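Presented below is the structure to which this report refers.
The values are calculated or read from the model by the stated rules, or taken from the named source; none is laboratory data. Everything quoted here is computed from the prediction, not taken from an experiment. Cβ placement follows ideal geometry from the backbone for every residue including glycine, while neighbour counts extend to all protein chains displayed.
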Amino acid sequence: MPESPAGFATMALLLERLLSAVEGLRSDLAAAKAAPAAAPEFEKLLDARGAAALLGMSESWIYQRVEASELPHVRLGHAIRFERSALLAYARGERGQQGRVVAFSQKTR
């Protein structure tokens, strides 16, 4: 503990700054809790024709790369769709998840 008046003044100033920072964080937290969460934005999926146009390739090239599991795609049942952002990443040479299947629940009669 500081024993001089200057030491007490320094400690008081540091405490004041700390309390001010804590109050700022509290108000930021309260504002974040009050604000509604933004809904995620989903991009429109492309079909093979759209993917081919985006990449400047033929539809047959697209299907060949899908069958070889080289091109990122999503299977929706029997349909094959492509995320624009994933295709652009592929074109830049970024390789990640190549394909995923989205199963539909079967209808009950």
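Among the residues examined, GLU43 qualifies as in a loop (DSSP other than H, G, I, E, B), in contact with a strand residue (DSSP E or B) (Cβ under 8 Å, 6 or more places away or on another chain) and under 30 Å from GLU94 (Cβ atoms).
Taking the range 50-66 as the range and being closer than 10 Å to PHE82 by Cβ and out of contact with any Lys or Arg (no Cβ under 7 Å at 6 or more places or on another chain) as the test, the residues that pass are GLY50, ALA51, ALA52, LEU55, ILE62, VAL66. So which residues in the range 82-109 are part of a loop (DSSP other than H, G, I, E, B) and modelled with pLDDT of 75 or more, if there are any at all? ARG92, GLY93, GLU94, ARG95, listed by residue number. Is it fair to say PHE8 is aromatic (Phe, Trp, Tyr) and not assigned by TED's automatic domain parsing to the domain that holds ARG95? It is true that PHE8 is aromatic (Phe, Trp, Tyr) and not assigned by TED's automatic domain parsing to the domain that holds ARG95. On the stretch given as the range 53-81, residues that are in a loop (DSSP other than H, G, I, E, B) and surrounded by fewer than 14 Cβ atoms within 10 Å (Cβ to Cβ) total 7. Counting only residues that are surrounded by 10 or more Cβ atoms within 10 Å (Cβ to Cβ), hydrophobic (A, V, I, L, M, F, W, C) and either under 30 Å from ARG65 (Cβ atoms) or in contact with a helix residue (DSSP H, G or I) (Cβ under 9 Å, 6 or more places away or on another chain) (or both), the range 9-52 holds 5 of them.
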